[in-house]
Amino acid sequence: MTMDEADESLLEALLAGEHRALARVISKIENRSPGYRDLVSELYAHTGNADVIGITGSPGAGKSTLVDKLAEAYRERGETVGVIAIDPSSPFTGGAVLGDRIRMASTVGDMDVFVRSMSARGTLGGLSTATADAVKAMDAFGKDKIIIETVGAGQNEIDIVRTADTVAVLVPPGSGDDIQTLKAGILEIADIFIVNKADREGADRTVQELREMVHLGEESGLAGSAGHHGVDAMDGDGVNWGDVDESGDDDADWTPPIVETVATKGTGVDTFIDELGNHRSYLVDSGTHAEKVRQRYAEEIRTLLREDVHALLEDELADSGGIDDLAEAVRQGETDPYSIATDVLAPVEACVENLAADADDSSAE
Amino acid sequence: MSSEQEAESIRCLVAKVGLDGHDRGAHVIARAFRDAGFEVIYSGLHKSPDQIVQAAVQEDVDVLGISILSGAHDTLVPKIMDGLEEYGAKDDTLVLAGGVIPDEDREGLKDDGVAAIFGPGTSIEETIEFVRENAPQR
């Protein structure tokens, strides 16, 4: 991979710790400007040092406020922080109002907290790729902790949060119904549950409900990677896991803790940080971290390839008369989407087959 | 490299600076910019020039719109411009000012690096058009 001179100096400036360069690199990633791929692939060599934390939860749960307090607490401990705050964009105009910054007031004036707002532009898992790449940029820049904040709704959001090592899900009190919906997707991705606004009425009950849900999930194999243990392993008292060889890692499974916080006052933030630390040690000690990272890279490779192929096909599509005409043909009953897909793909498939045939020929010689 | 479809969007920071608490105008502009397809970051009220600079640099905005109705533009705007310069962001950020700014102050602000000043009565279309035409190409 080669970069042009401008990108070269941009990369150097980023590695030297220039904020403006980091900001510019993230823009390039977001815009997919020419050359961004080479830039990101160069970044990889300098990554791997940051802890990546994902925070999600319904709108108004207090994510931004908690992120703000979390960043402040990390700063007090002498760690540098990067925040990526993702807000939805309008599906009609593509415009967006990115408002998370307003709530991040404790750390303004401190350039070592780098807050970047991103909007959910683009499609096809593009946002999770952009987020993952932006995380890489912050990591290479030298941030110790990187926090991704996003509204927890839909698959897209879950994909984004998956780019984090540890995922915290915020649950506001008194949201019995919300917990019901959480069950569907978010229970599986939560490493830590946070009942924010814990000074409100109903907080105790929410904690109770979550606790029951976590235990239920454990028994039925819903929570985390707990799916593979048998009844016997569950019955073990958990202390003697040292002498049971084959089920060694099973007993070390992670049970999502439930942390109560009042983000506006900063209550519970230290406990939250402790749990984040615990989860981090668990990941490393159990070897889950390596597994997670591997999965993440596999997913990144797939997404990139999907995007590339998609772009190739867009050109093919244009050659076949453009998507609008094709769609109209389907509407008129002249053809159907499956036939069109086959036709559009035909030249590409032919190409690939030719290549394979060529390769066979040359190896036969 | 075939997947490099352009997904560029104009990024704006709409900023309220100083003690002025009138944010209706800023809200209207933020909303209008959003509807025009821009990405808008709103600073919130009562920000210091340093905070505005920090946000503008970190967010790498193309456009910085400063709304001031307190009359303190002559002290606040130069501080913001100096801050942008410090981070090497002054030259390629389009800085706009809006609010109550007397005619006699306008030249001074333009000398500081403000590209345009939109006073009361400016149509929103005019502002959006100006941003579209003048947003820096990077």
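Laboratory data are not the source of any read-out in this text; all were calculated from the coordinates shown. Values in this document were obtained by computation on a predicted structure and should not be read as measured data. No Cβ is skipped: glycine too gets one built from the backbone with ideal geometry, and neighbour counts run over all protein chains shown.
When you filter the chymotrypsin sites (Phe, Trp or Tyr not before Pro) in segment A:19-94 for DSSP loop state and at most 16 other Cβ atoms inside 10 Å of their Cβ, you are left with A:F92.
The trypsin sites (Lys or Arg not before Pro) of segment A:254-362 that meet both conditions, a loop assignment by DSSP and at most 13 other Cβ atoms within 10 Å of the site Cβ, are A:K265.
Distance between the modelled labels on A:A359 and A:D4, one decimal in nanometres: 3.3 nm (7 Å Cα→Cβ projection). Ranked by the mean number of other Cβ atoms within 10 Å of their residues, highest first, the peptides A:199-210, B:123-134 come out as A:199-210, B:123-134. Cα centroid separation, segment B:99-122 to segment A:18-65: 36 Å.
B:E126 to B:V28: extension gain in nm, 0.36 nm per residue of separation minus the Cα-Cα distance? Could the numbers behind the result be given before it?
Details: separation 98, 0.36 × 98 = 35.28 nm, distance 1.39 nm.
Gain on extension, B:E126 to B:V28, equals 33.9 nm.
If R0 is 35 Å, the Cβ-Cβ spacing of A:D324 and A:Q295 corresponds to a FRET efficiency of close to 0.35.
Which order do peptides B:48-55, B:80-87, A:313-320, B:9-16 fall in by mean Cβ count within 10 Å, highest first? Don't skip to the answer; put the middle values down first.
Working: B:48-55: 21.0, B:80-87: 18.8, A:313-320: 13.5, B:9-16: 25.4.
Per-residue Cβ counts within 10 Å, averaged per peptide and sorted highest first, yield B:9-16, B:48-55, B:80-87, A:313-320.
Under 5 Å between amide hydrogens, which residues at least 5 positions from B:G98 or on another chain qualify, with H placed 1.01 Å from N in the peptide plane? Sorted by chain and number, the residues that satisfy this are B:I66, B:S67, B:I68, B:F118. When the Cα positions of B:I66, B:I80, B:L94 are compared along the charge dipole of segment B:11-131, B:I66 comes out farthest toward the positive end, with charges on each C-beta of Lys, Arg, Asp and Glu. Close amide H partners of B:G37, meaning residues 5 or more places away or on another chain with modelled amide H under 5 Å apart, are A:G95.
Take the cross-link list A:K28/B:K47; A:K69/B:K47; A:K28/B:K90; A:K265/B:K16; A:K143/A:K265; A:K197/B:K47 and give me the ones stretching past 21 Å between alpha-carbons.
Numbers: A:K28/B:K47 28 Å; A:K69/B:K47 19 Å; A:K28/B:K90 19 Å; A:K265/B:K16 25 Å; A:K143/A:K265 26 Å; A:K197/B:K47 26 Å.
In this structure, A:K28/B:K47; A:K265/B:K16; A:K143/A:K265; A:K197/B:K47 lie more than 21 Å apart at Cα.
Remark: segment A:46-55, residue by residue, has Karplus-estimated 3J(HN,Hα) of 9, 9, x, 9, 8, 8, 10, 10, x, 10 Hz, where x stands for each Gly or Pro and the curve is 6.51 cos²θ - 1.76 cosθ + 1.60 at θ = phi - 60°. Over every Cα atom in segment B:11-131, the radius of gyration and the widest Cα-Cα span, Dmax, amount to 12.7, 34 Å. For segment A:348-357, the Karplus equation 6.51 cos²θ - 1.76 cosθ + 1.60, evaluated at θ = phi - 60°, returns couplings of 5, 4, 4, 4, 4, 5, 4, 4, 4, 5 Hz by residue, with Gly and Pro reported as x. With θ taken as phi - 60° and the Karplus curve 6.51 cos²θ - 1.76 cosθ + 1.60 applied, the whole-hertz 3J(HN,Hα) list for segment B:42-54 is 9, 6, x, 7, 6, 8, 8, x, 4, 5, 5, 4, 4 Hz, x standing for glycine and proline. The packing ranking of peptides A:141-149, B:64-72, A:10-18, highest mean first, is A:141-149, B:64-72, A:10-18, where packing means the average number of other beta carbon atoms within 10 angstrom of each residue.
Mind pulling the angle between the C-alpha long axis of helix B:73-86 and the longest principal axis of chain B? Nearest 10 degrees, somewhere in 0 to 90. It is inclined by approximately 40 degrees.
Near the amide H of A:V83, within less than 5 Å, lie the amide hydrogens of A:F114, A:V115, A:R116, A:I147, all on another chain or at least 5 residues away, with H placed in the peptide plane.
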